[in-house]
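**Student:** Below you'll find the structure I mean.
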Amino acid sequence: MKRTVLEMLSAAAVNYKDNIYVSDKTDEGWTSLSFSRVEELSSFLAAALINQGVEKDDKIAIMSEGRSSWIISEYAVLKTRAVCVPLSVKLQPSEIAFRIEHSETKYVIVSKNCISRILEIKEQLSALGVKIIYLDEKNSDERLFPNVLYYEDLLKKGEENFLATRLELIQRISEVEENDSVTISYTSGTTGNPKGIMLTHLNYWSNSHDAVQYFRLEENLSTLVILPLDHAFAHTIGFFCATLCSIKLYFTDSRGGMRNQLKNIPLNIKETNPDFLLTVPAITGNFIKKIKDGIAKKGGLAAWIFNKGLKNGIIYFDDGFKKPSVWKKFFHYPFYALAEKIVFPEIRKTFGNNLKFFIGGGAMLDIKQQQFFNCIGIPVMQGYGLSEASPVISVNQRHRHKFGSSGGVLSGIDCKILNSEGKELPVGEKGYITVKGLSVMKGYFKNEKATSEVISEDRRLNTGDLGYMDKDNFLVVTGREKAVLISADGEKYSPEEIEDAVVNCSDFILQCVLYNDHCKYTSALITLDNARIKSYISSHNISSPKKMFEVIKKSFYAFQNDASYKNKFPQQWIPSVFAILPEIFTEQNKMVNSTMKVVRFKVLEVYKNRIERMNTPEGKNSDEENLQILADIMK
């Protein structure tokens, strides 16, 4: 048997024939399709695509929110031996155009929520001969783009003419090879033009099997798919792993647009009662803020029990790996147990009745977030990976985990920590994280130079991340190589842990970016939660920007007194000065990419002058600009 994702779907259609695979929210409620029905519908659509002239190795892009028709469309594309190009719903028209032209895409499958951005580049697409397949009902958009094909029409035609195309389809499926590309997924392009990551059937097959086996994921669980399907993490764990253990995928209701989708998450969680959720730090961070705000509004005894229980629970559980001492059991467990009996169950109800855990990826998850969710009874099993590795490299297990780490390495992956000369480093010593295995990408599409820069001759991938293996065999990721700070004496340091510590221990700071490029001291750029500041100003009768600045300054350095971070960071890397910025980093100002990560080089470029001023004696000792920004907020 060939190791392909089509074989995985075929097996699921037999083993889990009538089990629910995918579900969408409609006006009639949740509408579901079984594994066997997805197999059947994808064959009908594949037959229609073949009749439209789709050939082996043609590229077909999909730009849509997560939904059943994406799953069916991608399987259909693969059955024709074409290649899927997943596009983020957050891309701007110029970014879409680059990806479509570079990948040599011939068709774009697009939803109503994304069609407007496609229409903005319709002349470019028409010149390239690109055709549109529209996932939603016929409407006025047909006038705006010539020769639109409709998903429902293609399904119908594919079914009607299936017998005539069946032998051709069977032949193509039988010719699918393990090394055929499944997707060309583009990087976020934070350091130049994005690169197209070619992931094969064998890449996805091996990573899915390794992840399910290592995590010990049981059968018949369900999840609400919050992350976009173009996200490598959601693509593998949500899309393909589901076929191995019959996971029900519910897609967040996006009717009415992508903003509505965000608003619908809490309601959809309660409606679908998922067993687990896939998440990234930005999402869990938002959950924490909402939980804490809700508790603060309640106030009184409930707030006291919550805060006391959380504080003592964090001390009691420690890093989740060490066994609690008798001292902790006696002095800290009772407060935690009280909160677990009275407050934490009510918090868990906001996530439905069944939620057992999160699986975290996408970026490093700060230890404070891991401790918080463990305390309230819904732990985040943090993992690590990157798209070039399909993407999962390591993950914490429910039965064996350590907060602050990215878990153990999957059994099918050979992970080594190397120094700059390529020599393997011992346990506990930080270096470059490299991996080798069946899940390492084929390469970058039409970019052999970039491929050779990250994959060695023996197929070992340099992830570009720094980290180490600890004494208990947990992988600890410390940051990106490209993000390192360099002091005046040439010493290097990864800033992400300090940045996370600042944000997680502050009531007012939303984002933090550290800077040190051969400077005498480290500086920082921060953005503020204006709503929280205004609320604090009102409740504490603050009228002076200077007084509020002192509050924020104290909040900035709060991490130094937190048990999770105390004495953890070398003094020279703790910022001596920080600049408050007038706006937060967003996708709109291009300072956050489509995977919710801060685009560091862009932030440093935009605020270059502010950084330069902070690194002068006058700038270091002047709070004038910070006070002016606070004065504007207070107005």
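The values are calculated or read from the model by the stated rules, or taken from the named source; none is laboratory data. Computed from a predicted structure; not experimentally measured. FYI the Cβ positions are ideal-geometry reconstructions off the backbone, even for glycines, and counts take in every protein chain you see.
**Student:** Quick one: would you say F239 is over 17 Å from L33 (Cβ atoms), part of a helix (DSSP H, G or I) and among the aromatic types (F, W, Y)?
**Tutor:** Details: over 17 Å from L33 (Cβ atoms): no; part of a helix (DSSP H, G or I): yes; among the aromatic types (F, W, Y): yes.
For F239, the condition - over 17 Å from L33 (Cβ atoms), part of a helix (DSSP H, G or I) and among the aromatic types (F, W, Y) - is not met.
**Student:** Name every residue in the range 98-116 that is closer than 21 Å to M258 by Cα and either in contact (Cβ under 8 Å) with a residue 40 or more places away in the chain or in a helix (DSSP H, G or I) (or both), in order of residue number.
**Tutor:** Filtering the range 98-116 for residues closer than 21 Å to M258 by Cα gives 108-116.
Across the range 98-116, the qualifying residues are V108, I109, V110, S111, N113, C114, I115, S116.
**Student:** While we're here: Here are some conditions: (1) assigned by TED's automatic domain parsing to the domain that holds S411; (2) among the small types (G, A, S); (3) over 30 Å from S181 (Cβ atoms). S452 meets all but one. Which one does it not meet?
**Tutor:** Tallying (1) assigned by TED's automatic domain parsing to the domain that holds S411; (2) among the small types (G, A, S); (3) over 30 Å from S181 (Cβ atoms), S452 fails exactly one: (3).
**Student:** For the range 157-178, name all the residues that are in contact (Cβ under 8 Å) with a residue 40 or more places away in the chain, surrounded by 12 or more Cβ atoms within 10 Å (Cβ to Cβ) and in a helix (DSSP H, G or I).
**Tutor:** K157, G158, E159, F162, T165, R166, E168, L169, R172, I173
**Student:** Follow-up. Considering every residue within the range 89-96, establish whether at least one is in the same structural domain as K138 (by TED's automatic domain parsing) and touching a strand residue (DSSP E or B) at 6+ places or on another chain (Cβ under 7 Å). Can you show your working first?
**Tutor:** Narrowing the range 89-96 to residues in the same structural domain as K138 (by TED's automatic domain parsing): 89-96.
Still in the running and touching a strand residue (DSSP E or B) at 6+ places or on another chain (Cβ under 7 Å): 89, 96.
So far as the range 89-96 goes, yes, one or more of its residues are in the same structural domain as K138 (by TED's automatic domain parsing) and touching a strand residue (DSSP E or B) at 6+ places or on another chain (Cβ under 7 Å).
Residue-by-condition table, conditions (1) at pLDDT 95 or above; (2) among the acidic types (D, E); (3) farther than 19 Å from V280 by Cβ; (4) touching a Pro at 6+ places or on another chain (Cβ under 8 Å):
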{"site": "P391", "(1), (2), (3), (4)": "yes, no, no, no"}
{"site": "N396", "(1), (2), (3), (4)": "yes, no, no, no"}
{"site": "H401", "(1), (2), (3), (4)": "yes, no, no, yes"}
{"site": "G408", "(1), (2), (3), (4)": "yes, no, yes, no"}
{"site": "K430", "(1), (2), (3), (4)": "no, no, yes, no"}
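**Student:** What's the number of the condition R37 fails, among (1) surrounded by fewer than 20 Cβ atoms within 10 Å (Cβ to Cβ); (2) in a loop (DSSP other than H, G, I, E, B); (3) at negative phi?
**Tutor:** Tallying (1) surrounded by fewer than 20 Cβ atoms within 10 Å (Cβ to Cβ); (2) in a loop (DSSP other than H, G, I, E, B); (3) at negative phi, R37 fails exactly one: (2).
**Student:** Could you list, in sequence order, all residues of the range 446-476 that are in a loop (DSSP other than H, G, I, E, B) and either in contact (Cβ under 8 Å) with a residue 24 or more places away in the chain or touching a Ser or Thr at 6+ places or on another chain (Cβ under 6 Å) (or both)? First the steps, then the outcome.
**Tutor:** Let us first name the residues in the range 446-476 that are in a loop (DSSP other than H, G, I, E, B), namely 446-447, 456-460, 470-474.
Answer for the range 446-476, where residues must be in a loop (DSSP other than H, G, I, E, B) and either in contact (Cβ under 8 Å) with a residue 24 or more places away in the chain or touching a Ser or Thr at 6+ places or on another chain (Cβ under 6 Å) (or both): K446, N447, R460, D470, K471, D472, N473, F474.
**Student:** Quick check: anything in the range 302-311 in contact (Cβ under 8 Å) with a residue 60 or more places away in the chain and either touching a Gly at 6+ places or on another chain (Cβ under 9 Å) or closer than 27 Å to I533 by Cα (or both)?
**Tutor:** yes
**Student:** Restricting to the range 432-445, count the residues that are surrounded by 19 or more Cβ atoms within 10 Å (Cβ to Cβ) and either out of contact with any helix residue (DSSP H, G or I) (no Cβ under 9 Å at 6 or more places or on another chain) or assigned to a strand (DSSP E or B) (or both).
**Tutor:** Count: 6.
**Student:** In addition: Could you please let me know if S405 is within 25 Å of C512 (Cα to Cα) and buried (at least 24 other Cβ atoms within 10 Å of the Cβ)?
**Tutor:** yes
**Student:** Would you list the helices (runs of 4 or more DSSP H) that sit entirely within the range 267-380 and hold 3 or more residues that are within 30 Å of the chain's Cα centre (by Cα), of a type outside the set (A, V, I, L, M, F, W, C) and surrounded by fewer than 20 Cβ atoms within 10 Å (Cβ to Cβ)? So that I can check it myself, show each step before the final result.
**Tutor:** Working: elements: 281-298, 300-317, 326-331, 333-342, 344-349, 367-376.
It comes to 281-298, 344-349.
**Student:** Something else: Would you point out the residue of the range 486-500, among those that are of a type in the set (A, V, I, L, M) and surrounded by fewer than 21 Cβ atoms within 10 Å (Cβ to Cβ), that is nearest to S406 (Cα to Cα)?
**Tutor:** First pass over the range 486-500, keeping only residues of a type in the set (A, V, I, L, M): 486, 488, 498.
Next cut, surrounded by fewer than 21 Cβ atoms within 10 Å (Cβ to Cβ) only: 486, 488.
On the way: I486: 25, A488: 31 Å.
Selected residue: I486.
**Student:** Could you grab me the full set of residues in the range 589-612 that are assigned to a loop (DSSP other than H, G, I, E, B) and basic (K, R)? Spell out how you get there, then give the answer.
**Tutor:** Start the filter on the range 589-612 by keeping residues that are assigned to a loop (DSSP other than H, G, I, E, B), which leaves 589-591, 593-597, 599, 607.
Passing the criteria: K590, K597.
**Student:** Let me ask something else about it. Which of the residues spanning the range 44-88 are touching a helix residue (DSSP H, G or I) at 6+ places or on another chain (Cβ under 6 Å) and either part of a loop (DSSP other than H, G, I, E, B) or at positive phi (or both)?
**Tutor:** Answer for the range 44-88, where residues must be touching a helix residue (DSSP H, G or I) at 6+ places or on another chain (Cβ under 6 Å) and either part of a loop (DSSP other than H, G, I, E, B) or at positive phi (or both): S64, T80, R81.
**Student:** Go through T187, T223 for me and flag whichever is in the same structural domain as S111 (by TED's automatic domain parsing) and touching a Lys or Arg at 6+ places or on another chain (Cβ under 9 Å).
**Tutor:** Values: T187 fails: in the same structural domain as S111 (by TED's automatic domain parsing).
Sole residue among the options that is in the same structural domain as S111 (by TED's automatic domain parsing) and touching a Lys or Arg at 6+ places or on another chain (Cβ under 9 Å): T223.
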